[in-house]
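Reading through the structure tokens given below for one structure.
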Amino acid sequence: MYEEGQSLADDVNGTNVRCKPLLESLKECSYAWDSEGEAMLKASDYDSRIQVSSYVDPAVTLQWYALSTRSRHEKLVRDRLAGIGIEPFLPLARKLSQWSDRKVWTEMPLFSGYCFARFSLMNSHAVLQTPGIVRIVGSVMPEPIPDEELAAIKMLAESQRSFAPHDYLCEGAWVEVVRGPLTGLRGQLLRKSGHDCIVIRVHLIQQAATVHIDVNEVVAVQ
């Protein structure tokens, strides 16, 4: 035991130094106590260890998709989708049409043969079962429309400005031939004497050549 005047602290500071790290570690531990006096670690002790997964399953995420429709079924598809709880979006452009006795303004789909819809891939079967829909657009499987692209079309549709469809491949665009004997050829799209052509340039000698192509044989180069 301890001699007169000697305390536990003296012992810790003196010969029994092995106890000091233990005492310090006990001081650093923080406990909470329940109503029955049982020790509990505070939840805050684990805050820094908790990691929330940021993974989002695309199969259950609501995204915008383009739907290929049967000819002149765009409006019917829009209404049928709304009827089964799927949010549709069909941009319409005003067009001046000549009737037998007068000219009238009519609303036609901006993109003929297409309607947009917002849904998760879990509901793709119900979407494809909707009469008038041919397929969900995608190169191999359904591919969502980027939000910024759809937002731009929505802004256009909600404005009071006049707008109309336009060829996706316009003159001056860089394209690649994807079918036919010129497959793999890249160049700039050009209209020459009423025909679609690709311009091929040799920059070093500052010379160029054009070749006639069918616009259906090319795709835009990203």
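Give me the pairs, please: first residue somewhere in the range 168-185 and on the phi > 0 side of the Ramachandran plot, second residue anywhere and surrounded by 13 or more Cβ atoms within 10 Å (Cβ to Cβ), beta-carbon distance under 8 Å, and either six or more positions apart or on two chains.
G172/Q188; G172/L189; G172/L190; G180/I213; G180/E217; G184/E176; G184/V177
In this structure, does C115 turn out to be modelled with pLDDT of 90 or more and in contact with a His (Cβ under 8 Å, 6 or more places away or on another chain)?
So C115 does not fit the description; no.
Taking P181, is it more than 18 Å from E87 (Cβ to Cβ), surrounded by 12 or more Cβ atoms within 10 Å (Cβ to Cβ) and not assigned by TED's automatic domain parsing to the domain that holds T106?
no
Output the number of residues of the range 199-220 satisfying the condition of being closer than 23 Å to S139 by Cβ and either surrounded by 12 or more Cβ atoms within 10 Å (Cβ to Cβ) or in contact with a helix residue (DSSP H, G or I) (Cβ under 8 Å, 6 or more places away or on another chain) (or both).
6
Within the group E149, E158, which residue is exposed (fewer than 12 other Cβ atoms within 10 Å of the Cβ) and under 19 Å from the mean Cα position of the chain (by Cα)?
It is E149.
Let me spell it out: the conditions are (1) exposed (fewer than 12 other Cβ atoms within 10 Å of the Cβ); (2) in a strand (DSSP E or B), and E176 meets all of them except one. Which number is the exception?
If we test E176 against (1) exposed (fewer than 12 other Cβ atoms within 10 Å of the Cβ); (2) in a strand (DSSP E or B), just (1) comes out false.
Working only within the range 84-108, note down all residues that are under 30 Å from T61 (Cα atoms) and either part of a loop (DSSP other than H, G, I, E, B) or not hydrophobic (A, V, I, L, M, F, W, C) (or both).
I84, G85, I86, E87, P88, L90, P91, listed by residue number.
So which of F111, F119 ends up being assigned by TED's automatic domain parsing to the domain that holds K75, out of contact with any Pro (no Cβ under 7 Å at 6 or more places or on another chain), of a type in the set (F, W, Y) and within 21 Å of L67 (Cα to Cα)?
None of the other options fit; the residue is F119.
Name the single residue, out of those in the range 56-94 being touching a residue at least 24 places away in the same chain (Cβ under 8 Å) and of a type in the set (K, R), that is surrounded by the most Cβ atoms within 10 Å (Cβ to Cβ).
Here the residue is R78.
Can you confirm whether the range 187-194 contains a residue that is modelled with pLDDT under 90, farther than 22 Å from F111 by Cα and in a strand (DSSP E or B)?
yes
With the checklist (1) among the hydroxyl-bearing types (S, T, Y); (2) closer than 22 Å to T61 by Cβ; (3) part of a loop (DSSP other than H, G, I, E, B) in hand, flag the one item S124 doesn't pass.
(3)
Collect the residues in the range 104-146 that are surrounded by fewer than 14 Cβ atoms within 10 Å (Cβ to Cβ) and closer than 23 Å to R94 by Cα, keeping them in residue-number order.
If the condition is that a residue be surrounded by fewer than 14 Cβ atoms within 10 Å (Cβ to Cβ) and closer than 23 Å to R94 by Cα, then V104, W105, T106, E107, S112 are the ones that fit.
Which of the residues belonging to the range 139-166 are outside any helix (DSSP H, G or I) and without any contact (Cβ under 8 Å) to a residue 60 or more places away in the chain?
S139, V140, M141, P146, S159, Q160, R161, H166
The values are calculated or read from the model by the stated rules, or taken from the named source; none is laboratory data. From a predicted model like this one, the values you see are computed outputs, not experimental measurements. When we count neighbours, we look across all protein chains shown, and the Cβ atoms used for this are built from the backbone with ideal geometry, even at glycine.
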